[in-house]
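Asker: This structure is in structure tokens; I'll ask about it shortly.
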Amino acid sequence: DRIAIMHDGLIEQLGTAEDLITDPATDYVAAFTRDVPRSKLLRVRTLMGPVVADAEGEVDGEAKVAAVARQVLNAAGPVRVVEDGEVVGSISGGQVTEALFVDD
């Protein structure tokens, strides 16, 4: 699904909800999406970092951050991110915390 944000009759940005909040095209779009609850829209793959050898546990890269936040925050270290059965990255509690609580 794609969303169009319009201002004064012009399309400011067209994209997915995740695109709009992670990469706003204009200051207007950034202001419009500022209060959107990021954890309910962002997928793990958007936040993940590189594969870490000592990562434990795993979460699906397509999962919403809100759905896996507790698991990642309770892990002793980074958690593997898996897509289609392959480890594609890792995510840490710090990355989740920043996405949930830090303003851009």
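Asker: Could you grab me the full set of residues in the range 1-30 that are under 22 Å from I91 (Cβ atoms) and part of a helix (DSSP H, G or I)?
Answerer: Selection gives A17, E18, D19, L20, I21, T22.
Asker: Still on this structure, please answer the following. Condition check: loosely packed, with under 15 Cβ neighbours inside 10 Å and not aromatic (F, W, Y). Does M6 satisfy that?
Answerer: Values: loosely packed, with under 15 Cβ neighbours inside 10 Å: yes; not aromatic (F, W, Y): yes.
So M6 fits the description; yes.
Asker: Working only within the range 22-74, note down all residues that are in contact (Cβ under 8 Å) with a residue 60 or more places away in the chain and among the hydrophobic types (A, V, I, L, M, F, W, C).
Answerer: The one that is in contact (Cβ under 8 Å) with a residue 60 or more places away in the chain and among the hydrophobic types (A, V, I, L, M, F, W, C): A30.
Asker: Restricting to the range 31-73, name every residue that is in a strand (DSSP E or B) and closer than 12 Å to L100 by Cβ.
Answerer: Within the range 31-73, K64 is the sole residue that qualifies.
Asker: Turning to a different aspect of this structure: Select from the range 24-50 the residues that are charged (D, E, K, R) and surrounded by fewer than 13 Cβ atoms within 10 Å (Cβ to Cβ) and list them in ascending order.
Answerer: So the first thing to find is which residues in the range 24-50 are charged (D, E, K, R), and the list is 27, 34-35, 38, 40, 43, 45.
Answer for the range 24-50, where residues must be charged (D, E, K, R) and surrounded by fewer than 13 Cβ atoms within 10 Å (Cβ to Cβ): D27, R34, D35, K40.
Coordinate-derived values only; no laboratory data. Please read these numbers as outputs of a predicted model, since none were measured by experiment. We place every Cβ from the backbone using ideal geometry, glycine too, and count neighbours over all the protein chains shown.
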